[in-house]
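The values are calculated or read from the model by the stated rules, or taken from the named source; none is laboratory data. Every value quoted in this text rests on a predicted model; they were computed, and no experiment measured them. Because the Cβ atoms are built from the backbone with ideal geometry, glycine has one as well, and the counts that use them run over all protein chains shown.
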Amino acid sequence: MLFTIIFSLVGLLLFVVIGYNIVQQYKQKIETERRLAISKQRAVITEVDELLLNATRMPFSKSLLLILQHRIKNALILMLSTSSEHAGAIKSHLSNTDAQIQQLRSNYTPPDESVFRAPKNDKEALALLQVTKKIRAVIRSEHAKGKISTEIFVAEDHRLEMMQLKINIENSLKRILESKENKQYGSANQMINKLIKILSSITDKDSYLSAKQTQLLELKSEIKAALLETNDKELQAIKDRDAEKQNDLDVIFQDKKKW
């Protein structure tokens, strides 16, 4: 009888230990998932904050700024629903974000899309291209979640696409002018033709893009004239060399006649 009781107690103890371990593992899993969720939302907020820092370097529309601020707001709400840790700081951040959203809605002057500050160097150009790519990825994500309408998504994606085009045009123009300076007219002409073809296909060009198309057409004329001049000089050089060879032959045969 005693052994039966002992075995029963041991079995009960094992059951309790196993049950306790299962509960602890479940709690650890929940805690890990909670921390991962919070970490993910913090990463979202950090990314958006970094993108917003570029609002002074490139024109951000009202719609785009609202999309980014709402992305921060949604991340903060998810953090609050996931954990009560640092709830005060999160609520304060959420309140500030709401205030910024209201400020944007009631008092925001949209930038002049035709005004574009060209990047100073290749490093800055690359950084701006990376920013536009990240923003396009963000608005694609928000559209896929149903956070923004298709109309707004298409309009903002087109704006960002035009921004990327402007950055690439500025970079290409620098290379074209360098090629022209180095008298590499063939390379310059190829780049010019490519850009003109792209710009000609755009029906809603702003004043900046129209001005660049005019500049490229002028450069094309200059390159064409330079190519013709170069070809004429090369042709004349060939003629001069042929004439010189002919003179040498005449001298040789003239000497033979004297023999």
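A few points about this structure:
- Boolean, residue 189 is within 28 Å of residue 59 (Cβ to Cβ) and either touching a residue at least 40 places away in the same chain (Cβ under 8 Å) or surrounded by 15 or more Cβ atoms within 10 Å (Cβ to Cβ) (or both): no
- Residue 146 passes every criterion in (1) surrounded by 17 or more Cβ atoms within 10 Å (Cβ to Cβ); (2) without any contact (Cβ under 8 Å) to a residue 24 or more places away in the chain; (3) outside any helix (DSSP H, G or I) apart from (1).
- Identity of the residue in the range 31-72, among the charged types (D, E, K, R) and either within 18 Å of residue 127 (Cβ to Cβ) or assigned to a loop (DSSP other than H, G, I, E, B) (or both), that ends up modelled with the lowest pLDDT: 57
- Residue check, residue 55 surrounded by 14 or more Cβ atoms within 10 Å (Cβ to Cβ), out of contact with any Leu (no Cβ under 6 Å at 6 or more places or on another chain) and not assigned by TED's automatic domain parsing to the domain that holds residue 143: no
- Verdict on residue 83 being hydroxyl-bearing (Ser, Thr, Tyr), without any contact (Cβ under 8 Å) to a residue 12 or more places away in the chain, surrounded by fewer than 17 Cβ atoms within 10 Å (Cβ to Cβ) and not assigned by TED's automatic domain parsing to the domain that holds residue 147: no
- Residue match in the range 80-91 (condition: in a helix (DSSP H, G or I), hydrophobic (A, V, I, L, M, F, W, C) and within 25 Å of residue 169 (Cβ to Cβ)): no
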